[in-house]
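A.B. asks: Have a look at this one before I ask anything.
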Amino acid sequence: MSLAHIYLRGDQPRARWKRHDTAQILKRFFFCERSLIVSASAWIPHIQDLDVKLAIPYFCWQNAETANDLRERVFELRFPSRLMEHEGADRPLAALLNQIRKAPTVGAFLAGWGSVALTALRDAYHEFLEHADPLADAPTYRFLELSLREKEQQITKLAAWAAQELAADQINRSRGETWLNEFGQALARLGGIGTDEAPPEVEVSPIPGSQPVLIPDRPARDRRYWSCRFYWPDIIDSDFPYGEGLLLQLRSAVSHLNEVWAVEHGGIILSEFADILPWEWIRDAARWTYDESRHCQMGRNRLSAWGFDPSEVPLGSYIYESANGVEPIYRLGMLYFFETKNIGRKPERTAVFKEIGDAASEHDMDFDWADETIHATYGNRWLRALHELSAEKYPPADKVREKCELLVTKMIASASPAEKSALVARASSMIQRANELARA
Ligand SMILES: [Fe+2]
Ligand SMILES: [Fe+2]
């Protein structure tokens with residue numbers, strides 16, 4: 001008997017997807033993640049609730065790390081090709097997910113992002129991990145299993161916030177829900193986020209009731225805080241001391257909290273330059289924005305641990321508003337120059353906090369310093385990259401810096417006497433309260 005046509009069976013389930021099939025699926029996941037990161041980041045200045053505002057960069061950073069791992073894995077699987085600049089057959093899916101940028105209300109955005117888009121992505125990751133091969137494709141399992149857990153948490157949080165927002169905004173509730181329903185149906189028409197199947201080749205039409213999210217002139221501010229433009233008197237009054245000892249503890253915590261503008265600028269520039277700069281920009285900007293959100297939270301935590309109620313604490317907007325009406329490159333410039341300006345002073349202040357026994361301020365300042373050294377690299381790299389792209393459209397870094405300083409100086413000069421006296425009164429009562437809290 002001839003054995004020439006008799007073979008051992010190889011139809012094991014783990015052999016379902018070969019190297020190129022896997023790369024194709026992971027590439028789809030990458031573009032879905034990318035669309036959602038870029039679109040969600042554009043919402044940051046529109047979010048009032050500080051918990052939600054600071055969570056968006058956190059989720060976007062987690063997802064940007066996943067997206068980066070997906071991208072690197074695709075390169076490994078397709079070696080030596082490193083071509084990954086276009087969505088290809090997955091364009092309808094990426095285009096549809098971009099639509100969360102046009103949700104008509106904050107509630108619709110949060111629900112569209114979490115309960116529709118991230119849920120579909122979570123289900124797709126789950127399906128992939130069920131059918132792929134943990135042996136041959138082990139590197140993918142490591143980061144996708146982590147991402148699956150992160151997505152679960154993101155979806156739960158976003159669902160709670162979305163319900164809260166939709167309930168609070170009764171006037172627009174049905175508008176938001178109608179849009180959400182249409183968005184869900186549009187995704188279902190594409191077959192959700194698939195593994196084996198690419199979406200059908202269709203032109204994605206805008207979701208009825210959409211409204212593009214623009215860069216607002218005034219960023220949304222959490223009503224629990226004392227809302228203002230300038231958040232400490234020394235900004236507009238050079239006679240008011242930055243302070244030492246207890247004053248420095250207070251000023252530093254209020255400054256950290258007020259890095260909220262940096263979070264907003266980070267979100268705006270991430271999305272504004274997403275289609276101009278390469279993927280690495282989105283990844284860096286996601287980390288940058290997340291870092292600033294942690295700095296903001298550090299200040300918030302210190303103030304609340306000392307016993308301050310948010311209503312006592314000024315939450316300003318002057319740097320954000322200084323960039324109104326100018327090109328987004330100046331928001332990048334402000335984030336870079338103003339945030340790294342005090343980098344040299346930070347170790348000095350860390351030492352002062354250590355000396356007075358304020359371990360929390362010392363600790364936060366110490367970690368902040370490490371983040372800022374990374375941000376200095378980001379600022380340099382991306383201002384240079386933009387200038388190299390178009391010297392005409394994007395001025396060199398020194399010119400960007402000059403204009404940023406000019407814009408902020410002009411904003412400071414616009415402070416009214418009433419604004420100044422209200423701010424001095426606010427700061428003075430905080431200082432008095434700090435004295436009481438320190439003695440208690
Ligand atoms: Fe910062
Ligand atoms: Fe920074």
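None of the figures in this text is laboratory data; all of them are computed from the coordinates on show. What you see is a predicted model, and the numbers here were worked out from it, not measured in a lab. Cβ sites come from the backbone with ideal geometry, for glycine too, and all protein chains shown count toward neighbours.
A.B. asks: Starting from 0.36 nm per residue, how many nanometres of slack lie between S429 and I374 once their C-alpha separation is accounted for? The partial results should precede the final answer.
C.D. replies: Numbers: separation 55, 0.36 × 55 = 19.80 nm, distance 3.63 nm.
Stretched fully, the S429-I374 segment lengthens by 16.2 nm.
A.B. asks: While we're here: Can you list the lysines whose alpha carbon sits under 20 Å from that of K410, skipping same-chain ones fewer than 8 residues off?
C.D. replies: K341, K399, K420
A.B. asks: Quote the relative contact order of the chain in percent (integer), defining contacts as alpha-carbon pairs under 8 Å separated by 6+ residues. Intermediate results must be reported in sequence, preceding the final value.
C.D. replies: Details: 559 pairs, mean separation 80.1, N = 440.
For the chain, the relative contact order is 18 percent.
A.B. asks: For T409 paired with F143, estimate the spin-label separation in nm (one decimal), with each label point 7 Å from Cα along the Cα-to-Cβ line.
C.D. replies: Rounded to a tenth, the inter-label distance reads 4.5 nm.
A.B. asks: Take the residue pairs K346/K393; K27/K151; K53/K151; K102/K151 and return only those whose Cα atoms are more than 26 Å apart.
C.D. replies: Numbers: K346/K393 34 Å; K27/K151 18 Å; K53/K151 18 Å; K102/K151 22 Å.
Listed pairs above 26 Å: K346/K393.
A.B. asks: Then there's this: From the backbone phi of the stretch 143-153, what are the Karplus-calculated ³J(HN,Hα) couplings (6.51 cos²θ - 1.76 cosθ + 1.60, θ = phi - 60°) in whole Hz, Gly and Pro given as x?
C.D. replies: 7, 6, 5, 4, 5, 4, 5, 5, 4, 4, 5
A.B. asks: Any idea what the relative contact order of the stretch 210-325 is, in percent, if you count C-alpha pairs under 8 Å spaced at least 6 apart?
C.D. replies: 45 percent
A.B. asks: Nearest 0.05, what FRET efficiency do L8 and A159 give at R0 = 56 Å with Cβ-Cβ as r?
C.D. replies: Efficiency, rounded to the nearest 0.05: 0.70.
A.B. asks: How many nm is it between the label spots at L389 and K354, if each spot is 7 Å from the Cα in line with the beta carbon?
C.D. replies: Placing both labels 7 Å beyond Cα along the Cβ direction yields 4.2 nm.
A.B. asks: Anyone know which of H126, H295, H46 comes out most mobile in the 10 Å Cα GNM of the chain?
C.D. replies: Looking only at H126, H295, H46, the largest GNM fluctuation is found for H126.
A.B. asks: Equivalent ellipsoid semi-axes for the chain, as square roots of 5 times the alpha carbon gyration tensor eigenvalues: give them largest first, rounded to whole Å.
C.D. replies: Semi-axes, largest first: 44, 24, 22 Å.
A.B. asks: Would you tally the net charge around I44, using a Cβ to Cβ cut-off of less than 9 Å, leaving I44 out, and scoring K and R as +1, D and E as -1?
C.D. replies: Taking every other residue near I44 into account, the sum is 0.
A.B. asks: Now a separate question. Working from Cα positions, state the angle (0 to 90°, nearest 10) between the long axis of helix 50-77 and the longest principal axis of the chain.
C.D. replies: 40 degrees
A.B. asks: Out of residues 5 or more away from W226 or on other chains, whose amide H comes under 5 Å of its own, with H placed 1.01 Å from N in the peptide plane?
C.D. replies: It is V313, L315, by chain and number.
A.B. asks: Only sites in a loop by DSSP and with at most 12 other Cβ atoms within 10 Å count here; which trypsin sites (Lys or Arg not before Pro) in the stretch 45-144 make the cut?
C.D. replies: R82
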